[in-house]
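Note sheet for the following structure.
The values are calculated or read from the model by the stated rules, or taken from the named source; none is laboratory data. As the structure is a prediction and not an experimental result, all values here were calculated from the model. In this analysis, Cβ positions are derived from the backbone assuming ideal geometry, glycine residues included, and neighbour counts consider all displayed protein chains.
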Amino acid sequence: MVAEPIPFKARIPVYVCSADPLSRAGIASQLRKAQGFGVVTETELTDDVVALVVADDLDNAVLADLRGLRGRGIRRVVLLVAKVDDRGLLAAAEAGVTGVLRRSEATAGNLVAALRSAAAGEGTLPPDLLGRLLRQVGQLQRQVLSPRGLTFSGLTEREAEVLRLLAEGYDTAEVGRKLFYSERTVKNIIHDVTSRLELRNRAHAVAYAIREGLI
């Protein structure tokens, strides 16, 4: 009986981002030795890359790196950081980080596991940091968003409903009739959304809402 060949699994491309060249080189060297990973350079970034951002503190420079990666279409980001406070943890989540590891707790095994989880679209967070993040999220919803009628999507319920109907092909007059708003009210809602989210027009607003899963 001939054994079936083991299917080839593509390597996970990892981009290591660190201001410290020694940390960057050391981690890149470890990943090259690990099975199933390939290290890529900044010029080789594609949307299937997992970015590993290494830092001591979550300062403005690191946050800028995180936002820059997100702006380039990188949606899988693991943060390896020496320390992070509650504000920094929330800022990291807002910047698109999908996994966080403390440098003092990082081993070759859990670093590899975090990168694999990120590649699979899953998150990694130490239990105590998860609790802190949930508290921060709850506080933000209660103290900032709810008093303004907003949710974490960045849209109010009526804004989401207007965009949903526009996505279904209704014009502003038809949307107004369905929701019992005047056409001017519908246009004002669209204007508020496009201005607040810095979108070009209603088509851009609808495309943005669909792409981000808001409607």
Is one or more of the residues making up region 95-104 under 14 Å from the mean Cα position of the chain (by Cα), in a helix (DSSP H, G or I), crowded, with 17+ Cβ neighbours inside 10 Å and at negative phi? no
Please work out if Leu90 is buried (at least 22 other Cβ atoms within 10 Å of the Cβ) and either out of contact with any helix residue (DSSP H, G or I) (no Cβ under 9 Å at 6 or more places or on another chain) or assigned by TED's automatic domain parsing to the domain that holds Ala120 (or both). no
Within the bounds of region 105-123, is there any residue that is free of Cβ contacts under 8 Å to residues at least 40 places away in the same chain, touching a Pro at 6+ places or on another chain (Cβ under 8 Å) and either part of a helix (DSSP H, G or I) or within 20 Å of Tyr15 (Cα to Cα) (or both)? yes
Number of positions in region 75-86 that are under 21 Å from Ala25 (Cα atoms) and within 15 Å of the chain's Cα centre (by Cα): 4
Being out of contact with any Ser or Thr (no Cβ under 6 Å at 6 or more places or on another chain), more than 20 Å from Pro126 (Cα to Cα) and modelled with pLDDT under 90: is that true of Arg72 here? yes
Does region 43-56 include one or more residues that are within 14 Å of the chain's Cα centre (by Cα), under 20 Å from Gly26 (Cβ atoms) and in a loop (DSSP other than H, G, I, E, B)? yes
Matching option when the condition is in contact with a Gly (Cβ under 9 Å, 6 or more places away or on another chain) and among the basic types (Lys, Arg), among Arg11, Arg24: Arg11
Does Ile12 fit the bill of being touching a Phe, Trp or Tyr at 6+ places or on another chain (Cβ under 6 Å) and under 30 Å from Arg211 (Cα atoms)? yes
Out of curiosity, is Leu134 modelled with pLDDT under 80, farther than 30 Å from Thr46 by Cα and either crowded, with 17+ Cβ neighbours inside 10 Å or assigned by TED's automatic domain parsing to the domain that holds Val97 (or both)? yes
Inside region 157-215, can you point out the residues that are assigned to a loop (DSSP other than H, G, I, E, B) and of a type in the set (S, T, N, Q)? Ser182, Asn201
